[in-house]
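Okay, here's the structure, questions in a sec.
The values are calculated or read from the model by the stated rules, or taken from the named source; none is laboratory data. What you see is a predicted model; the values in this text were computed from it and never measured. Neighbour counts run over all protein chains shown; Cβ positions are idealised from the backbone, glycine included. Ligands, DNA and RNA are excluded from the accessible area calculation, which covers all protein heavy atoms including side chains. Shrake-Rupley method; radii C 1.70, N 1.55, O 1.52, S 1.80 Å.
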Amino acid sequence: MHQILAKELNMELKGPDMRSWEDLANALDGFDKTVKIALIGKYTGLQDSYLSVIKSLKHASIECSHFLDLIWVEATHLEGHSATANGDSKVSEDDFNAAWERVKSADGVVVPGGFGTRGFLGKVLAAEYCRKNKIPYLGVCLGFQAMVVEYARNILGWTDANSTEFVDPCEHPVVIFMPEIDKDNMGGTMRLGQRTTRFTHNHDDGTTPTCQLMYGGKAEVDERHRHRYEVNPEKVDDIHDAGLKFVGRDETGTRMEVAELPRSKHPYYVGVQYHPEFQSRPLNPSPPFLGLVKAACGQLDEYLLLAKE
């Protein structure tokens with residue numbers, strides 16, 4: 001079409017510069033390593049639900065010169081003999097063992113967004129496993145909130161810590177319904193669209209947040225959002241002071257956007273309230289996803305060292 005228009009308008013067009021795409025296509029033929037990433041979700045029966053996440057992982061693995069081996073894990077299967085959301089069914093021993101074997105076989109774990117209580121405990125347990133065993137972990141939206149709930153339960157000792165999406169009221173509501181959102185009208189009431197996150201805190205040892213370094217050291221970034229619940233501002237200081245650092249916040253400083261553990265304690269333990277997968281591209285992978293895959297491939301330390309230089 002562009003050639004037809006150019007001819008009719010008597011315009012001279014230069015051919016598109018495809019060198020970057022050609023280099024990418026040629027590089028794929030030379031990969032000889034594979035990275036295993038477990039995706040822990042509740043919509044695994046309809047895998048297109050996570051299409052943007054899958055593409056982001058593929059973009060990142062290509063940047064790392066690795067093939068992607070995506071391992072699907074149903075979040076409810078990680079819950080073992082705990083009752084599921086409706087309280088009247090339990091996970092079989094075979095499903096439980098198989099799910100955990102898949103998680104343990106992975107080089108890294110991503111826990112994407114979702115709605116509703118089903119599978120949330122499984123996501124919390126996955127966050128705990130990755131934190132304790134220093135497995136690279138990226139939590140997105142609900143996966144970010146699962147990190148916060150897990151840390152509050154197991155580090156602060158708030159055993160009943162939860163999101164009010166699932167238990168309301170509870171003694172330690174670490175994730176709450178955003179006050180400006182209408183609880184009665186669920187249509188078109190989420191916090192949506194591109195919004196600014198500012199990196200506001202370094203770690204106690206003075207190091208720059210890993211997530212910030214993955215964005216090239218930028219002081220602020222713009223990413224897309226899609227959520228109704230947020231980290232409870234009244235619980236932020238307790239959790240932050242206990243070691244899970246809220247290093248990225250919104251422009252008011254009251255809404256938590258990025259949480260992570262310092263690299264001195266964990267190779268990559270990062271959660272984001274926003275959805276970075278929506279802006280990932282083959283030639284420009286999403287920074288949080290690239291950080292996860294770099295860590296899973298054992299490339300993150302060298303990458304961050306070069307980024308600082």
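Please state the shape class of the range 258-309: rounded when a/c is under 1.5, otherwise prolate if a/b exceeds b/c and oblate if not, all from the C-alpha gyration tensor.
Verdict is oblate for the range 258-309.
Which angle between 0 and 90 degrees, to the nearest 10, do you get for helix 120-133 versus the longest principal axis of the chain when only C-alpha atoms count?
Value to nearest ten degrees: 80.
Check Glu257: other-chain or 5+ apart residues with amide H under 5 Å from its amide H, H built from backbone geometry?
For Glu257, the qualifying residues are Gly248, Arg249, Asp250.
Something else now. Might you tell me the accessible area per residue for the chain, computed with a 1.4 Å probe and given in Å²?
48
Lysines within cross-link reach of Lys36: Cα-Cα under 16 Å, excluding same-chain residues under 8 positions apart?
Cα-Cα hits under 16 Å: Lys55, Lys58, Lys104, Lys134, Lys294.
Give the label of the value calculated from the structure for percent of Cα pairs over 38 Å apart, choosing from (i) 32; (ii) 19; (iii) 16.
(iii)
Label the range 1-138 by shape, choosing from rounded, prolate and oblate, from the square roots a ≥ b ≥ c of the eigenvalues of the Cα gyration tensor; if a/c is under 1.5 it is rounded, and otherwise prolate applies when a/b is larger than b/c, oblate when it is not.
It comes out prolate by the Cα gyration axes.
OK, next. Post the alpha-carbon centroid distance, the range 1-21 to the range 220-274, in whole angstrom.
Distance between centres, Cα-based: 46 Å.
Determine, for each peptide in 199-207, 227-235, 123-131, 153-161, the mean count of other beta carbons within 10 angstrom over its residues, then list the peptides with the highest first. Show your work: numbers first, answer last.
Details: 199-207: 13.9, 227-235: 19.1, 123-131: 23.3, 153-161: 15.8.
Descending packing order for the listed peptides: 123-131, 227-235, 153-161, 199-207.
For a protection proxy built on the mean count of beta-carbon atoms within 10 angstrom, sort 19-25, 279-285 highest first, please.
279-285, 19-25
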